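S.K.: Sharing a structure below in structure tokens format, with a few things to ask.
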Amino acid sequence: MSQKTDVQRYHAISALHLRQLLSRYQLELVETPMHEGIPGSFWGDEEAGLVGNRVYVRRDTPLHSVLHEACHFICMPPERRRSLDTNAGGDYDEENAVCYLQILLADHLPDSSSERAQQDMDRWGYSFRLGSARAWFEDDAEDARQWLLDRGLVIQRPNQAKVSPSWRLNSTPDEHQQ
């Protein structure tokens with residue numbers, strides 16, 4: 001999956017701000033030396049890794065990858081979170097919710113934005129039915145948004161179209177285990 005493209009990397013943003021954002025979700029950011037593999041990386045190369053409540057990165061890790069893995073942790077039910085090691089699992093709807101939330105969270109980093117996250121997702125090769133992350137987010141992601149609302153992971157203020165992170169973890173039991 002790795003492509004050498006012009007995307008925002010971990011080394012180009014404030015690690016402090018990213019740590020603060022992730023800590024709101026009980027996540028710990030762990031830096032891995034450049035010459036080592038990233039623990040818990042499903043895709044390998046420079047992609048972020050996820051083991052328990054730790055998100056592993058290197059200086060060359062794309063920011064969208066860090067946010068994506070963090071959002072998997074946020075969106076997954078508690079029973080999967082307890083045994084999390086590398087493969088976040090989840091179904092189609094959860095994956096869409098993860099993508100939606102990562103775009104929202106990018107706006108909460110002073111060195112990034114939802115627009116940059118969407119551009120980077122396109123550059124990296126995420127594929128969306130409407131041809132771009134932005135088109136999907138603006139015109140085709142109602143199901144992902146509703147998934148997040150139903151689980152209390154985003155909130156919508158009365159008389160506002162936009163949603164905001166609730167800073168909560170999914171506490172909904174895994175539907176596949178019942």
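Rule-based calculations on the coordinates, nothing more; no lab input. Since we're looking at a predicted model, the values are computed, not measured. Heads up, the Cβs are rebuilt from the backbone with ideal geometry, glycines too, and the neighbour counts pull from every protein chain shown.
S.K.: Simple spin-label model, 7 Å along Cα-to-Cβ: residue 26 to residue 42 in nm?
M.R.: About 2.1 nm separates the two model spin labels.
S.K.: Still on this structure, please answer the following. Once each part is reduced to its C-alpha centroid, what is the distance from the stretch 63-137 to the stretch 10-27 in angstrom?
M.R.: A separation of 15 Å, based on Cα centres.
S.K.: Using modelled amide H (1.01 Å from N, peptide plane; none on Pro or chain starts), what sits under 5 Å from the amide H of residue 42, excluding residues fewer than 5 places away?
M.R.: 50
S.K.: Among 100, 56, 25, which one shows the biggest mean-square fluctuation in a GNM of the chain, springs joining Cα atoms closer than 10 Å?
M.R.: Per the Cα network of the chain with a 10 Å cutoff, 25 tops the list.
S.K.: Let me see the pair-distance distribution of the chain: every alpha carbon pair, 10 Å bin width, integer percents in order.
M.R.: Whole-percent P(r) values from 0 Å outward: 10, 41, 38, 10, 1, 0.
S.K.: Once label points are set 7 Å from the Cα along Cα→Cβ at both residue 35 and residue 164, what is their separation, rounded to one decimal in nm?
M.R.: 4.6
S.K.: Follow-up. Can you tell me what share of the DSSP beta bridges in the chain is antiparallel? A percent to the nearest 5 is fine. Please list the in-between numbers first.
M.R.: Numbers: 9 of 13 bridges.
In the chain, DSSP labels about 70 percent of beta bridges as antiparallel.
S.K.: At a Förster distance of 35 Å, what's the computed FRET efficiency of residue 15 paired with residue 155, Cβ-Cβ distance as r, to 0.05?
M.R.: The formula returns an efficiency of 0.80 here.
S.K.: Continuing with the same structure: I'd like the trypsin sites (Lys or Arg not before Pro) in the stretch 62-149 restricted to DSSP loop residues with at most 13 other Cβ atoms within 10 Å, sorted by number. Walk me through the intermediate numbers first.
M.R.: Values: sites: 80, 81, 82, 116, 123, 129, 134, 145; in loops: 129.
When the trypsin sites (Lys or Arg not before Pro) of the stretch 62-149 are filtered for loop state and at most 13 Cβ neighbours within 10 Å, 129 remain.
S.K.: Sorted by mean Cβ packing within 10 Å, highest first, what order do the peptides 107-113, 44-50 take?
M.R.: In decreasing order of mean packing, 107-113, 44-50 become 44-50, 107-113.
S.K.: Given contacts defined as C-alpha pairs under 8 Å and at least six residues apart, what's the relative contact order of the stretch 10-168, whole-number percent? Please report the intermediate quantities before stating the final value.
M.R.: Working: 238 pairs, mean separation 27.7, N = 159.
Contact order relative to length: 17 percent.
S.K.: List the chymotrypsin sites (Phe, Trp or Tyr not before Pro) in the stretch 130-178 that DSSP assigns to loop (not H, G, I, E or B) and whose Cβ has at most 16 other Cβ atoms within 10 Å. Which are they?
M.R.: Those that pass, being in a loop and sparsely packed, are 167.
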